[in-house]
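Notes follow once the structure below has been shown.
The values are calculated or read from the model by the stated rules, or taken from the named source; none is laboratory data. Everything quoted here is computed from the prediction, not taken from an experiment. Cβ placement follows ideal geometry from the backbone for every residue including glycine, while neighbour counts extend to all protein chains displayed.
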Amino acid sequence: MAITAPLPPGSTIGILGGGQLGRMLAMAAVQLGYRVIGYAPAGDNVAISACDDFFENGWADTAALAAFASKCDVVTWEFENVPLSTVDAIPENLLAAPPKALMIAQDRLNEKRFVEELGATCAPYMRVESEEDFAKAVDRVGTPGILKTARDGYDGKGQWRISSAHEVEGIRFPGRPCIYEGMVNFEAEFSVILARSSDGQEGGNIRIWDSSANTHDGGMLVKSVIPAGSIIESQVEAARNIARKTADALQYVGVLTLEFFATKDGPVFNEMAPRVHNSGHWTIEGAATSQFENHIRAICGLPLGGTETRFASIDMRNIVGEDALSAHEILAEDGEPHLHLYGKREARDGRKMGHVTRVAHG
């Protein structure tokens, strides 16, 4: 979609997905004077509270998708596992970012091949489609390693760590395409988050936020911290070059995230998310323009906002499971804690319920 003129206030943005990212996108859109309509299968769709209207229909409901699209001036998505068939049901002229970005991000093998062609370094890997393939991959790639489903995994789901070859027999192959990767000996983890506008020709209008040092537990992000530290700061520019090339190659519009490992030999690509990202939540309070606002600006043809970091130090932490029940106690802390609760009905283990961002001037 090439927006030739900014969408005027009162235009309607459609968001595929009803989770917390959709909720925060909707809040940013409303602030800029837009209406928002969401679409997702029935469930705990927390984005509903920030939308003017919401379709709770299945991803394959073509009639509902047509009715949804008819009300929208532009359509975006909040997560990368929206079925491609759903996106294909939306008129192409309404889509802000290209469906190709989803097609690549939804398959780990396609993703790695795509960024490798742009010059990125990846961990050694092999495609695995059977138990026999799994054994061969462990033999060729070595251990330690990690078996991942090629599609649909996130936050550590659909992943099995392998410490030694004899552990292969103890893992039941999931019966669908996977990828086996060698473990990366890394010093730190970080992500490059950028926003690219529709006029962003090669080397064109791209804004990039500072990278935080990210800490994961069981595959789920626990915290993001700025300053990121010397090892990340020494490798950020090389990672940014890959991110820029990726955005340009996709002719991407909106916020795009690439995750990296910082190693002694330079940045190693981990995965791509064609959307706003958990590790960028700190930008709401901590940057000149948040990732959510810049995504809305990009897809609506508005000028991108600055991405400068506003504080000397920033610490964003996820609030998971029942920790949300006592989260209001954070508000009694000294300093500047900024609490975000997503309004999810059920607090269960491993579920992101909110986040808190603590900022300091020096």
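Just a few scattered comments:
- A residue that is aliphatic (A, V, I, L, M), in contact with a Gly (Cβ under 9 Å, 6 or more places away or on another chain) and closer than 19 Å to K344 by Cα occurs nowhere in the range 63-86.
- Residue pairs meeting the criteria (Cβ under 7 Å; at least 6 apart or on separate chains; first among the hydroxyl-bearing types (S, T, Y), in the range 221-249; second assigned to a helix (DSSP H, G or I) and crowded, with 18+ Cβ neighbours inside 10 Å): S224/S279; T246/V115
Yes/no per residue for (1) touching a Cys at 6+ places or on another chain (Cβ under 8 Å); (2) closer than 19 Å to N294 by Cα:
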residue	(1), (2)
S11	yes, yes
I15	yes, yes
Q31	no, yes
I37	yes, yes
S49	no, no
A67	no, no
T86	no, no
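- Any hit, the range 34-41, residues being part of a loop (DSSP other than H, G, I, E, B) and at pLDDT 95 or above: yes
- Taken together, the residues in the range 208-263 that are in a strand (DSSP E or B), charged (D, E, K, R) and farther than 18 Å from W282 by Cα amount to 1.
- Taking every residue in the range 37-61 that is of a type in the set (D, E) and pairing it with any residue that is at pLDDT below 95 and surrounded by 14 or more Cβ atoms within 10 Å (Cβ to Cβ), at least 6 positions away or on another chain, yields no pair with a Cβ-Cβ distance below 6 Å.
Per-residue answers, yes or no, for (1) under 26 Å from E285 (Cα atoms); (2) in a helix (DSSP H, G or I):
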{"position": "G18", "(1), (2)": "yes, no"}
{"position": "A26", "(1), (2)": "yes, yes"}
{"position": "A69", "(1), (2)": "no, yes"}
{"position": "C72", "(1), (2)": "no, no"}
{"position": "T86", "(1), (2)": "no, yes"}
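- Boolean, L256 is in contact (Cβ under 8 Å) with a residue 40 or more places away in the chain and out of contact with any strand residue (DSSP E or B) (no Cβ under 6 Å at 6 or more places or on another chain): no
- Given (1) among the hydrophobic types (A, V, I, L, M, F, W, C); (2) assigned to a strand (DSSP E or B); (3) within 16 Å of the chain's Cα centre (by Cα), index of the condition A101 fails: (2)
- Evaluated against (1) surrounded by 14 or more Cβ atoms within 10 Å (Cβ to Cβ); (2) in contact with a Leu (Cβ under 7 Å, 6 or more places away or on another chain); (3) at pLDDT below 95; (4) not polar (S, T, N, Q), A96 falls short on exactly one condition, (2).
- Residue match in the range 142-154 (condition: over 27 Å from G266 (Cβ atoms), assigned to a strand (DSSP E or B) and in contact (Cβ under 8 Å) with a residue 60 or more places away in the chain): no
- Just one of the listed residues (A195, A213, A239, A228) is among the hydrophobic types (A, V, I, L, M, F, W, C), surrounded by 18 or more Cβ atoms within 10 Å (Cβ to Cβ) and in contact with a Pro (Cβ under 7 Å, 6 or more places away or on another chain), namely A239.
- Any hit, the range 155-173, residues being over 30 Å from D315 (Cβ atoms) and in contact (Cβ under 8 Å) with a residue 60 or more places away in the chain: no
- Subset of the range 287-324 that is part of a strand (DSSP E or B) and among the polar types (S, T, N, Q) - its residue that is surrounded by the fewest Cβ atoms within 10 Å (Cβ to Cβ): S313
- For the range 157-194, taking the residues that are β-branched (V, I, T) and touching a Leu at 6+ places or on another chain (Cβ under 6 Å), the one that is farthest from D210 (Cα to Cα) is identified as I179.
- Residues of the range 296-331 satisfying the condition of being touching a Leu at 6+ places or on another chain (Cβ under 9 Å) and β-branched (V, I, T): I296, I299, T307, I319, I330
- Meets criteria (touching a Ser or Thr at 6+ places or on another chain (Cβ under 6 Å) and within 29 Å of R345 (Cβ to Cβ)) for E293: no
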